[in-house]
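The values are calculated or read from the model by the stated rules, or taken from the named source; none is laboratory data. Predicted model, so just to flag it, every value in this text is computed and none were measured. A quick note on method: Cβ atoms are made from the backbone with ideal geometry, for glycine too, and the neighbour counts reach across all protein chains shown.
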Amino acid sequence: MSAVANPVVVMKRYEMKYILTPEQTEYFKKSVEGHMKIDKFGLTSIASLYYDTPNYRLIRTSIEKPLFKEKIRLRSYGIATKGSPVFLELKRKAYGIVYKRRVQSTIPLVDKFFRGDGDICAGGQINREITTFRDYYETLVPACMIIYDRIAYFEPGGDLRLTIDHDPRYRYDCLDLTRSMEGTSLLPKGSTILEVKVQQAVPLWLSDILTKGKIYKNSFSKYGEAYKQQLLKTKERN
């Protein structure tokens, strides 16, 4: 396998999630004006293909809310092609802190990697971490697709990042990033997912906005919720 020598991204931060009603979403967007700026990409459709063991070991462990959990996913911005950049992300959460390793690759190279053929990037510590993860779980296969339309905000001169995900949706068939951005909605129509991502403390102005809007932290996981909804559908069919 020929490794892709692209930049590797390492992230360590706190991430907090909130489920917003349509009214809270509009309130929040207006309230952060003057504090945050929308990034240059604007509204972006994102698809993440989660890999898991054939018996869904990773997500079953995750929804038990352990102190340590981990997931691996392949992300594309818009519908991918065989040659377009995609991003393999190893995401771990320990004691409330999120650690993410991310490498750029292509779908054919990632497919070969999960078949056990070589490295995912040009050596180094991150390559060893991702490869060790793959080898530890032995068989990792495409398990679930999560799609949403994201607006991302950044704090000029600061480390605070906010994202609002519209129409989060999932599918368990057609697990292919090159096919479509369609899926079954995870939330009631108009509801969104707010994520607050910060390396230090949440600023006071943001805490005030959340309090006034009666916006409360939630442990929502897109893949976890998709797995539970799919289980329910399977039980209803049987």
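Table for the structure above
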| read-out | value |
| --- | --- |
| Which numbered condition residue 201 fails, given (1) under 24 Å from residue 92 (Cα atoms); (2) touching a residue at least 24 places away in the same chain (Cβ under 8 Å); (3) of a type in the set (A, V, I, L, M, F, W, C) | (2) |
| Test result for residue 105, among the polar types (S, T, N, Q) and at pLDDT 95 or above | no |
| Hey, residue 147 in contact with a Gly (Cβ under 8 Å, 6 or more places away or on another chain), in a strand (DSSP E or B) and under 30 Å from residue 201 (Cβ atoms) or not | no |
| Some residue of region 208-228 being part of a loop (DSSP other than H, G, I, E, B) and among the aromatic types (Phe, Trp, Tyr) | yes |
| Residues that are surrounded by 12 or more Cβ atoms within 10 Å (Cβ to Cβ), aromatic (Phe, Trp, Tyr) and modelled with pLDDT of 95 or more, drawn from region 211-238 | 223, 227 |
| From the options 86, 98, residue that is under 22 Å from residue 177 (Cα atoms) and of a type outside the set (Lys, Arg) | 86 |
| Condition broken by residue 158, with the remaining ones in (1) outside any strand (DSSP E or B); (2) at pLDDT 95 or above satisfied | (2) |
| Qualifying residues in region 177-210 (those that are in contact with a Leu (Cβ under 8 Å, 6 or more places away or on another chain) and of a type outside the set (A, V, I, L, M, F, W, C)) - the one surrounded by the most Cβ atoms within 10 Å (Cβ to Cβ) | 192 |
| Residues located in region 147-173, provided they are at positive phi and surrounded by 13 or more Cβ atoms within 10 Å (Cβ to Cβ) | 167 |
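Yes/no matrix, rows are residues, columns are (1) buried (at least 16 other Cβ atoms within 10 Å of the Cβ); (2) at pLDDT 95 or above:
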{"site": "3", "(1), (2)": "yes, no"}
{"site": "12", "(1), (2)": "no, no"}
{"site": "21", "(1), (2)": "yes, yes"}
{"site": "31", "(1), (2)": "yes, yes"}
{"site": "41", "(1), (2)": "no, no"}
{"site": "47", "(1), (2)": "yes, yes"}
{"site": "52", "(1), (2)": "yes, yes"}
{"site": "57", "(1), (2)": "no, yes"}
